[in-house]
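Accompanying notes for the structure given below.
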Amino acid sequence: MVEWTDEERAAISDIFSKLDYDDIGPKSLSRCLIVYPWTQRYFGGFGNLYNAEAIMNNPLIAKHGTTVLHGLDRALKNMDDIKNTYAELSVLHSEKLHVDPDNFKLLSDCLTIVIAGKMGNAFTPEYQASFQKFLSVVVSALGRQYH
Amino acid sequence: MSLSAKDKAIVKDFFGKVADRAEDVGNEALSRTLVVYPQTKTYFSHWKDLSFGSAPVRKHGGTVMGGVLDAIEKIDDLSAGLLTLSELHAFMLRVDPANFKIFNHNMLVTLAMMFPDDFTPEVHVATDKFLAQLALALSEKYR
């Protein structure tokens, strides 16, 4: 089981409380598709991904970005058992969506960078450490049911 | 994933804006590396103070950023341009190359924080590519 200090819990809650899901979600996903273009392979049915501008203005991508961020909410609310909370989602990403689990790390990195851009100095090194730890637990849980 | 002409232009333009605050960026990036990835502290056991923004950290962060800015001048042939630095890292410092990725990540976080309006997705991808090429050139002489 993952051990969380009080400071880590506080940092993670604080970061999420300041998040505008409808802003950060779309920004993170579209950044991921631009910075790591091979991730576009999973979004064949999402319309125009032809260039950065198209991706950033794509409403289906935006909607999906928000969906993903709300998915993180589940981990936030179940921090002491993220592994089991995400069991179903892991099966979904493996069996149905066939997403290479490497991609979870890429999206995590983009999310970290977007939040850093939004929070500025409030995103202290300690906050960054806590948040990256949280994301690495999520990524691990999402990859767990792959076989 | 080599650098296109467009990538090089974007990197030169963006880092032109960053240059004035190079020491701040280097300090922030190195400080974060030491805090968020504690295993990196093993390379600095000879410093008394490894806390955020301490004198040795700030100085060294500035040195590293100076190296990054210098590499931009040599962006058309990074392997040749960084030969001496690569030899330094390979034979003397012997920094595990995995740490270049770690430092690069923290540089991207720092750039996003300090230049939120300029660090667009396009600048992000060009910078990420450049830093990856830089790390590769730095690893050139390792074996």
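The values are calculated or read from the model by the stated rules, or taken from the named source; none is laboratory data. The structure displayed is predicted, hence computed values, not measured ones. Ideal geometry is used to build each Cβ from the backbone, glycine not excepted, and the neighbour counts take in all protein chains shown. Calculation scope for accessible area: heavy atoms of the full protein, side chains included, ligands and nucleic acids excluded. Shrake-Rupley method; radii C 1.70, N 1.55, O 1.52, S 1.80 Å.
Quick rundown of the values:
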{"item": "Those residues of the range B:71-92 which are among the hydroxyl-bearing types (Ser, Thr, Tyr) and either surrounded by fewer than 19 Cβ atoms within 10 Å (Cβ to Cβ) or free of Cβ contacts under 8 Å to residues at least 40 places away in the same chain (or both), in sequence order", "result": "B:Ser79, B:Thr84"}
{"item": "Sole exception among (1) open to solvent by less than 30 Å² (accessible area, probe 1.4 Å); (2) modelled with pLDDT of 95 or more; (3) hydrophobic (A, V, I, L, M, F, W, C) for B:Val95, by number", "result": "(2)"}
{"item": "Selection within the range B:1-60 - of a type in the set (Ser, Thr, Tyr), part of a helix (DSSP H, G or I), without any contact (Cβ under 8 Å) to a residue 40 or more places away in the chain and surrounded by 11 or more Cβ atoms within 10 Å (Cβ to Cβ)", "result": "B:Ser31"}
{"item": "Selected residue (criterion: least open to solvent (accessible area, probe 1.4 Å)) from residues of the range A:112-147 that are over 19 Å from A:Asp14 (Cβ atoms) and of a type outside the set (A, V, I, L, M)", "result": "A:Gly143"}
{"item": "Residue check, B:Leu111 in contact with a Phe, Trp or Tyr (Cβ under 7 Å, 6 or more places away or on another chain), in a loop (DSSP other than H, G, I, E, B) and under 18 Å from A:Pro125 (Cβ atoms)", "result": "no"}
{"item": "Qualifying residue in the range A:78-90 (condition: open to solvent by less than 20 Å² (accessible area, probe 1.4 Å), more than 14 Å from chain B (Cβ to nearest Cβ) and farther than 23 Å from B:Tyr37 by Cα)", "result": "yes"}
{"item": "Hits in the range A:12-40 (condition: in a helix (DSSP H, G or I) and under 17 Å from A:Arg74 (Cα atoms))", "result": "A:Ile12, A:Ser13, A:Asp14, A:Ile15, A:Phe16, A:Ser17, A:Tyr21, A:Asp22, A:Ile24, A:Gly25"}
{"item": "Answer residue from the range B:121-143, given it is within 8 Å of chain A (Cβ to nearest Cβ) and open to solvent by 20 Å² or more (accessible area, probe 1.4 Å) and is nearest to the chain's Cα centre (by Cα) among those", "result": "B:Asp128"}
{"item": "Condition broken by B:Asp76, with the remaining ones in (1) over 20 Å from B:Thr33 (Cβ atoms); (2) assigned to a helix (DSSP H, G or I) satisfied", "result": "(2)"}
{"item": "A:Ala54 in a helix (DSSP H, G or I) and within 25 Å of B:Thr120 (Cα to Cα)", "result": "yes"}
{"item": "Every pair of residues 6+ apart whose Cβ atoms lie under 6 Å, when the first sits in the range A:103-130 and is farther than 28 Å from A:Trp38 by Cβ and within 9 Å of another protein chain (Cβ to nearest Cβ) while the second is open to solvent by less than 10 Å² (accessible area, probe 1.4 Å) and assigned to a helix (DSSP H, G or I)", "result": "A:Pro125/B:Arg32"}
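For (1) under 17 Å from the mean Cα position of the chain (by Cα); (2) surrounded by fewer than 16 Cβ atoms within 10 Å (Cβ to Cβ); (3) within 22 Å of B:Ala126 (Cα to Cα); (4) among the basic types (Lys, Arg), each residue gets a yes or a no:
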| residue | (1), (2), (3), (4) |
| --- | --- |
| A:Arg31 | yes, no, yes, yes |
| A:Ile34 | yes, no, yes, no |
| A:Leu49 | no, no, yes, no |
| A:Ala52 | no, no, yes, no |
| A:Pro59 | no, yes, no, no |
| A:Thr66 | yes, no, no, no |
| A:Leu69 | yes, no, no, no |
| A:Asp73 | yes, yes, no, no |
